[in-house]
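Student: Below is the structure I would like to discuss, written out as structure tokens.
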């Protein structure tokens, strides 16, 4: 298992939240958490499948920058 890099994780989460806000204009954290909930479906994917792609985009963007 790879070691987790907290600094990189923080940067990715920041970019993810920034992208989510840019896309939706949504200020409500509850809406975001509902979209991200992985306990809704048996496969463990987020309730809103598109949110996973936003996350992966944020990971790619931050990975390129570092």
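Since every read-out is calculated from the coordinates, none of them should be taken as a lab result. Predicted model only: the values in this text are computed from it and were never measured. With ideal geometry, Cβ positions are generated from the backbone for all residues, glycine too; neighbour counts draw on all protein chains shown.
Student: Could you tell me which of rounded, prolate or oblate describes the range 1-45, using a ≥ b ≥ c as the square roots of the eigenvalues of the alpha-carbon gyration tensor, with rounded for a/c under 1.5 and, failing that, prolate when a/b is larger than b/c and oblate otherwise?
Tutor: On the way: a/c = 2.88, a/b = 1.12, b/c = 2.57.
Note, shape of the range 1-45 comes out oblate.
Student: Could I ask something else about it? Let me have the relative contact order for the chain, percent, based on Cα pairs under 8 Å that are six or more residues apart. Intermediate results must be reported in sequence, preceding the final value.
Tutor: Details: 42 pairs, mean separation 22.3, N = 66.
Value for the chain: 34 percent.
Student: Rounded, prolate or oblate: which fits the range 27-66 when a ≥ b ≥ c are the square roots of the eigenvalues of the alpha-carbon gyration tensor, with rounded for a/c under 1.5 and prolate only if a/b beats b/c? Kindly include the intermediate steps, with their values, before the conclusion.
Tutor: Details: a/c = 3.40, a/b = 1.64, b/c = 2.08.
Cα axes put the range 27-66 in the oblate bin.
Student: Can you give me the distance in nm between label points at residue 41 and residue 13, each placed 7 Å from the Cα along the Cα-to-Cβ direction?
Tutor: 2.4 nm
Student: Taking R0 as 22 Å, what's the FRET efficiency between residue 22 and residue 48 from their Cβ-Cβ distance, rounded to 0.05? Can you show the working numbers first?
Tutor: Numbers: r = 16 Å, r/R0 = 0.74.
Result of the calculation: an efficiency of 0.85.
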